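Remarks on the structure that follows.
The values are calculated or read from the model by the stated rules, or taken from the named source; none is laboratory data. Bear in mind the structure is a predicted one, so any value in this text is a computation, not a measurement. Cβ sites come from the backbone with ideal geometry, for glycine too, and all protein chains shown count toward neighbours.
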Amino acid sequence: MDLLDQYKKAWENQPENDKKVSKMDIYRMTKLRSSSIIKWIFLIGIMEFVFWGILNWLISKTKYIDVYSELNMLTLLNYTYYINLAVVVVFLYLFYKNFTSINTSDNTKSLMVKIIQTRKTVKYYVYYNIIGGILLMIIFNIVILNTPNGVEMLMNSEELNITDPSKLVTMFLISQGILIIFMVGFLSLFYYLLYGILLKKLNKNYKYLAKLESEE
């Protein structure tokens, strides 16, 4: 049981005529805890931004970038990279704005609104990354399928020893389908571990505040 839970339990169990733990104590503790959670959401967002940036740089140094160059997809890759970069920066700004705004909340209703805004921002960010990743893979696959010898170059048909184009395309589509399923599962788990646990704690704080508000 953390400190906020102890405060809440003490407040609920104390006699009506002996208010040693007040609603204001609960509010202040909830605000402090919520501010800490939102700060961590912002910091994790920055660390994630750096992580994906480093990973993208490492991938650009591998042989796979040569394959995309042969498929004339480098321009598309660059466009999607910079667009995604801009979108992520906007979300980081919103995370920071949520963190600074919650510290200026001076009443229960205001704090509840800030918590709801933060939860929505994080959920939109997660949806953007998962749905955006799926759409990006679909677009790349369409481009590859419509590029002469695109599947052959990407799948390296000589090493696979497959001469039938239809079999190669079938294998390509199956492998991409499996990859998309794996990506969705990985990103869902990844973002749950990064943000889901924090959002659960934030939701718990919201319920504390809702109860305080209903009893006023």
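So for the range 127-138 (the condition being part of a helix (DSSP H, G or I), exposed (fewer than 14 other Cβ atoms within 10 Å of the Cβ) and modelled with pLDDT under 85), does at least one residue qualify? Looking through the range 127-138, none of the residues is part of a helix (DSSP H, G or I), exposed (fewer than 14 other Cβ atoms within 10 Å of the Cβ) and modelled with pLDDT under 85.
Yes/no matrix, rows are residues, columns are (1) over 24 Å from ILE139 (Cα atoms); (2) modelled with pLDDT of 80 or more; (3) assigned to a helix (DSSP H, G or I):
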| residue | (1), (2), (3) |
| --- | --- |
| THR30 | yes, yes, yes |
| LEU43 | yes, yes, yes |
| ILE46 | yes, yes, yes |
| PHE49 | no, yes, yes |
| SER69 | no, no, yes |
| THR104 | yes, no, no |
| MET112 | yes, yes, yes |
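In this entry, PHE186 passes the filter for residues that are modelled with pLDDT of 90 or more and either in a helix (DSSP H, G or I) or over 23 Å from ILE44 (Cβ atoms) (or both).
Considering PHE91, PHE51, the condition of being within 30 Å of MET29 (Cβ to Cβ) and within 20 Å of the chain's Cα centre (by Cα) is satisfied by PHE91 alone. Scanning the range 123-145 for residues that are closer than 16 Å to VAL67 by Cβ and of a type outside the set (Val, Ile, Thr) yields MET137, PHE140, ASN141, LEU145.
Criterion first (part of a helix (DSSP H, G or I), basic (Lys, Arg), modelled with pLDDT under 85 and exposed (fewer than 14 other Cβ atoms within 10 Å of the Cβ)) does LYS120 satisfy it? Step through it out loud before you land on a result.
On the way: part of a helix (DSSP H, G or I): yes; basic (Lys, Arg): yes; modelled with pLDDT under 85: no; exposed (fewer than 14 other Cβ atoms within 10 Å of the Cβ): yes.
In short, no.
This table checks each residue for (1) exposed (fewer than 12 other Cβ atoms within 10 Å of the Cβ); (2) touching a His at 6+ places or on another chain (Cβ under 6 Å); (3) modelled with pLDDT under 70; (4) outside any helix (DSSP H, G or I).
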{"residue": "GLU16", "(1), (2), (3), (4)": "yes, no, yes, yes"}
{"residue": "MET24", "(1), (2), (3), (4)": "yes, no, no, no"}
{"residue": "SER35", "(1), (2), (3), (4)": "no, no, no, no"}
{"residue": "TRP52", "(1), (2), (3), (4)": "no, no, no, no"}
{"residue": "LEU55", "(1), (2), (3), (4)": "yes, no, no, no"}
{"residue": "LEU58", "(1), (2), (3), (4)": "yes, no, no, no"}
{"residue": "ILE65", "(1), (2), (3), (4)": "no, no, no, no"}
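Every listed requirement among (1) modelled with pLDDT under 90; (2) crowded, with 16+ Cβ neighbours inside 10 Å; (3) not in a loop (DSSP other than H, G, I, E, B) is met by THR147 save one, (3).
For ILE178, the stated conditions hold: it is more than 30 Å from VAL90 (Cα to Cα) and modelled with pLDDT of 90 or more.
Within the range 108-122, the set of residues being free of Cβ contacts under 8 Å to residues at least 24 places away in the same chain and not β-branched (Val, Ile, Thr) comprises SER110, GLN117, LYS120.
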